[in-house]
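S.K.: First the structure, which I've put down as structure tokens, then a few questions once you've had a look.
Throughout, read-outs are computed from the coordinates displayed, never taken from laboratory work. Since the structure is predicted, the reported quantities are computational estimates derived from the model, not experimental observations. Glycine also receives a Cβ, built like all others from the backbone with ideal geometry; neighbour counts cover every protein chain displayed.
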Amino acid sequence: MSIIFCNIGWMERYDGIDGDSIQRGGSYNNDSIGHEVCNFTNANGKVYGYVQSTGRISVEKLGAKKGEEYADGVTVVWTAGPDSGGTAVVGWYKNATVYRELQRISKPSKNHRKNEIEVYRISASAGDVRLLPAYEREFMIPRAVKGGIGQSNVWYADKPESAELVDKVLLLIERDSRPDRLPDVDSEAFGSEGNPRLVSHFRRERNSTIVKKKRAAVLAATGALCCEVCGFDFEKVYGKHGEKFCEVHHLTPLHKSDRNTKTKLSELAVVCSNCHRIIHRMSPMPSISGLKNVIFDN
């Protein structure tokens, strides 16, 4: 399987410039709109990706034969620079077609026309693409180091020293594609910049060791895993399908902390999925008792 890394400007949705912005990179048209602003726009079941290349894309490095104008079945990893610095994976196309030369979109969507996006370098089925919400863009790609992406916007990662990094990226994609994967929170609650401390908060909440310890402690103490906000009990409602299931919320807003802290079980709360998402949608983040008051006041 062939893989290529493409570095673009940082955006939240890559579905047009309205309500979004492009920062730290990007190639612009006559109206100062980045050509990659529609890289994840669904156009009749297809997506059309753009990356600013210094020349032609070497499709031979992606499996094309000499003289062919494109390579099929390529994994395209899109990267961009968050405001905190570095280069992060923001999404990917699987089973993509990568072209040597710029191509013209034959049937552009309304969004493509509105943003004056007429050309592309890469295409894929809309069902084979994944754009990570800003708070999940935590996988960093090293630059200007041996085995890293270097300074070019297009990187083929075809050197032996890059193999370990490529394997890690492919594992990221594989894990994300599993059918049992559920988002931890609603991405609508967060802005486009990305926040490494906020990412740390969610990573801590997903830490399986901490979650298991908290569940075990609560079960031993109370005999059930009931939401501390609304009292919902997954096992009581769903039977064996909800046995020993709950979500765990970190009471301390780690994304506002300037230093790493070791989590104590007393700093974690058992919550249901609904309450967990509402907690993260509210600003400032409410306490457990604060959300209880919201529920009972309504």
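S.K.: Where does the charge balance sit around PRO108 when Lys and Arg score +1, Asp and Glu -1, over other residues with C-beta under 13 Å from its C-beta?
M.R.: Values: positive: LYS46, ARG104, LYS107, LYS110, ARG113, LYS114; negative: GLU116, GLU118.
The answer is +4.
S.K.: Beyond 16 Å, what percent of the Cα pairs of the stretch 74-141 remain?
M.R.: 59
S.K.: Further question on the same structure: Can you tell me how much longer the chain between ASP128 and ALA224 gets when fully stretched, taken as 0.36 nm per residue apart minus their C-alpha distance, in nm with one decimal?
M.R.: 30.6 nm
S.K.: Take peptides 232-238, 219-225, 266-272 and line them up by average Cβ neighbours within 10 Å, highest first, as a rough protection proxy.
M.R.: 266-272, 232-238, 219-225
S.K.: Right, here's the next one. Apply 1/(1 + (r/R0)^6) to the Cβ-Cβ distance of LYS212 and SER53, taking R0 = 51 Å, and write down the FRET efficiency to the nearest 0.05.
M.R.: It comes out at approximately 0.65.
S.K.: Additional query: For ASP158 and GLU243, calculate 0.36 nm times their separation in residues minus their Cα-Cα distance, and state this gained length in nm to one decimal.
M.R.: Extending this stretch completely gives an extra 26.0 nm.
S.K.: I need the calculated FRET efficiency for the pair LYS65 and LYS110, taking r as the beta carbon distance and R₀ as 35 Å, to the nearest 0.05.
M.R.: 0.40
S.K.: Using r as the Cβ-Cβ distance of LEU170 and SER289, and R0 as 45 Å, what FRET efficiency do you calculate, to the nearest 0.05?
M.R.: 0.50
S.K.: Between ASP297 and MET1, what is the label-to-label distance in nm when each label sits 7 Å out along the Cα-to-Cβ direction?
M.R.: 4.9
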